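To start, I am sharing the structure in question, which I have written as structure tokens.
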Amino acid sequence: MAFRDLTVKNIEEADIIIAGIPYDLSASVGKGTAEAPKRLRELSEYLPPYTMGMDDIKPLKIADIGDYHLEKNEESFEKLSEEVYELLKKDKFTLFLGGDHAVAISTEKAFIKKAQDNHKTPVLLHLDAHADICDFYDGSILSHATPVKRAIDNGIAKENVVMFGIRSYEDQEVEYLNKNKEIKVFNANDLNDRLDEVIKYIKDKYSDSKYEIHLSFDIDMVDPSYAPGTGTPEHFGVESKNALKLVEEFIKDLNITSMDLVEISPALDVNDITSWLGLKILYELFYLLKVKLGK
Ligand SMILES: [Mn+2]
């Protein structure tokens, strides 16, 4: 049973929701991320529901609703976005397991709409080695290099897009980021060398309850020595413990209501260490969500 000792059948009884989006038709170099939801579920059967600090995660109840279907055309991305929007209306923390980063085009569109319904200001925290702010990439607007640009097109204000761990840029991204300085970019060195400062900046800016926040976590933000199983590895990345601390602090103190975990490729992995890294991070976050929900 996936997510051992944590799952319930009924969404209404669940504290948080998990959905897979096994799609990798837009990855440019290495592929295989479509297998990640399945592999993460398989490995989770072996992961005991305790944190590093021996805290019991079991009071947190998870509904794993299975996988969404996505094809490489605009209709399919639109349909997924509508399905995700219906799911987000349940008003429970929702975790999407990709898939390549293109899946966030749909999840973020749904998130923006739902935040606006709630009269909240949507915020996107983009954790990645890459800015993913191309307008058009590999002949498509629906690429894993375009989700942040699509989120802006779909109504998120540029000053409410923040990037973490970035260390690789296309020409068009450099041009766009130079022209739009309100998009804050922290590179991998910023996180490794002054993590507390970065965390404080974000908490000072986004702790107000008027914000609703989506966390998009591309595993390639983490250094490839910890996370080799990904299609576009970039060296000099974020240390795994710094990645953990960053997302822990965000989940603890910010109004994050949805999250993507994307770009894990089991086929490119070594002894599943990248999938395990994703799962270990998720389980620490599950515990923090449990505490936050008063369970
Ligand atoms: Mn990405």
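Every number in this text was worked out from the coordinates using simple rules, so none of it is lab data. Since the model is a prediction, treat every value here as computed from it, not as a measurement. Counting neighbours? That spans all protein chains shown, and the Cβs are built from the backbone with ideal geometry, glycine included.
State which residue is surrounded by the most Cβ atoms within 10 Å (Cβ to Cβ) when the search covers only the range 134-150 and only residues that are aliphatic (A, V, I, L, M) and either farther than 20 Å from residue 258 by Cα or more than 12 Å from the ligand (Cβ to nearest atom) (or both).
Looking only at the range 134-150, we keep the residues that are aliphatic (A, V, I, L, M), and these are 141-142, 145, 148.
Within this subset, residues satisfying the condition of being either farther than 20 Å from residue 258 by Cα or more than 12 Å from the ligand (Cβ to nearest atom) (or both) are 141-142, 145.
Working: 141: 16, 142: 21, 145: 26.
For the range 134-150, the residue satisfying everything is 145.
When you go through 157, 227, 188, 243 one by one, which is the residue that is surrounded by fewer than 16 Cβ atoms within 10 Å (Cβ to Cβ) and hydrophobic (A, V, I, L, M, F, W, C)?
Just one listed residue meets the conditions, 157.
If you don't mind, there's one more thing I want to ask. Are any residues in the range 203-243 in a loop (DSSP other than H, G, I, E, B), under 29 Å from residue 92 (Cα atoms) and in contact with a strand residue (DSSP E or B) (Cβ under 7 Å, 6 or more places away or on another chain), and if so, which ones?
210
Over 14 Å from residue 25 (Cα atoms) and either surrounded by fewer than 21 Cβ atoms within 10 Å (Cβ to Cβ) or within 16 Å of the ligand (Cβ to nearest atom) (or both), is that true of residue 100?
no
A follow-up question, please. Taking interchain pairs and intrachain pairs at least six residues apart, which have beta carbon atoms under 6 angstrom, with the first residue in the range 121-136 and closer than 18 Å to residue 191 by Cα and in contact (Cβ under 8 Å) with a residue 40 or more places away in the chain and the second more than 11 Å from the ligand (Cβ to nearest atom) and part of a strand (DSSP E or B)?
Sorted first by the residue in the range 121-136, then by its partner, the pairs are 124/161; 124/214; 125/162; 125/215; 127/164.
I need a count of the residues in the range 66-78 that are in contact with a helix residue (DSSP H, G or I) (Cβ under 9 Å, 6 or more places away or on another chain) and either over 25 Å from residue 230 (Cα atoms) or surrounded by 14 or more Cβ atoms within 10 Å (Cβ to Cβ) (or both).
6
Which members of the range 112-133 meet the condition of being away from the ligand (no atom under 16 Å from the Cβ) and under 25 Å from residue 198 (Cβ atoms)?
Within the range 112-133, 112, 115, 120, 121, 122, 123 qualify.
Can you pull out the residues in the range 71-88 that are polar (S, T, N, Q) and in a loop (DSSP other than H, G, I, E, B)?
To start, the set of residues in the range 71-88 that are polar (S, T, N, Q) comprises 73, 76, 81.
Passing the criteria: only 73.
Let me ask something else. Restricting to the range 247-276, what's the tally of residues that are among the aliphatic types (A, V, I, L, M), assigned to a helix (DSSP H, G or I) and away from the ligand (no atom under 16 Å from the Cβ)?
The total comes to 3.
Any chance the range 38-46 includes a residue that's in contact (Cβ under 8 Å) with a residue 40 or more places away in the chain, surrounded by fewer than 23 Cβ atoms within 10 Å (Cβ to Cβ) and at positive phi?
no
Could you grab me the full set of residues in the range 246-271 that are small (Gly, Ala, Ser) and buried (at least 18 other Cβ atoms within 10 Å of the Cβ)?
Answer for the range 246-271, where residues must be small (Gly, Ala, Ser) and buried (at least 18 other Cβ atoms within 10 Å of the Cβ): 258, 265.
Another one. Anything in the range 77-125 that is closer than 23 Å to residue 7 by Cβ and among the charged types (D, E, K, R)? List them, or say none.
Of everything in the range 77-125, those that are closer than 23 Å to residue 7 by Cβ and among the charged types (D, E, K, R) turn out to be 83, 86, 89, 90, 91, 92.
Would it be correct to say that residue 285 is away from the ligand (no atom under 16 Å from the Cβ), under 14 Å from the mean Cα position of the chain (by Cα) and buried (at least 23 other Cβ atoms within 10 Å of the Cβ)?
Considered against the rule, which asks whether it is away from the ligand (no atom under 16 Å from the Cβ), under 14 Å from the mean Cα position of the chain (by Cα) and buried (at least 23 other Cβ atoms within 10 Å of the Cβ), residue 285 comes out as yes.
Please specify each residue of the range 237-295 satisfying the condition of being hydrophobic (A, V, I, L, M, F, W, C), free of Cβ contacts under 8 Å to residues at least 40 places away in the same chain and over 25 Å from residue 84 (Cα atoms).
Hit for the range 237-295 is 291, nothing else.
Go through (1) of a type in the set (Ser, Thr, Tyr); (2) in a strand (DSSP E or B); (3) within 16 Å of the ligand (Cβ to nearest atom) one by one and return the number of the condition residue 94 breaks.
With (1) of a type in the set (Ser, Thr, Tyr); (2) in a strand (DSSP E or B); (3) within 16 Å of the ligand (Cβ to nearest atom) applied to residue 94, the lone miss is (3).
A follow-up question, please. Would you confirm, using the coordinates I've provided, whether residue 81 is farther than 23 Å from residue 229 by Cβ, touching a helix residue (DSSP H, G or I) at 6+ places or on another chain (Cβ under 9 Å) and more than 13 Å from the ligand (Cβ to nearest atom)?
yes
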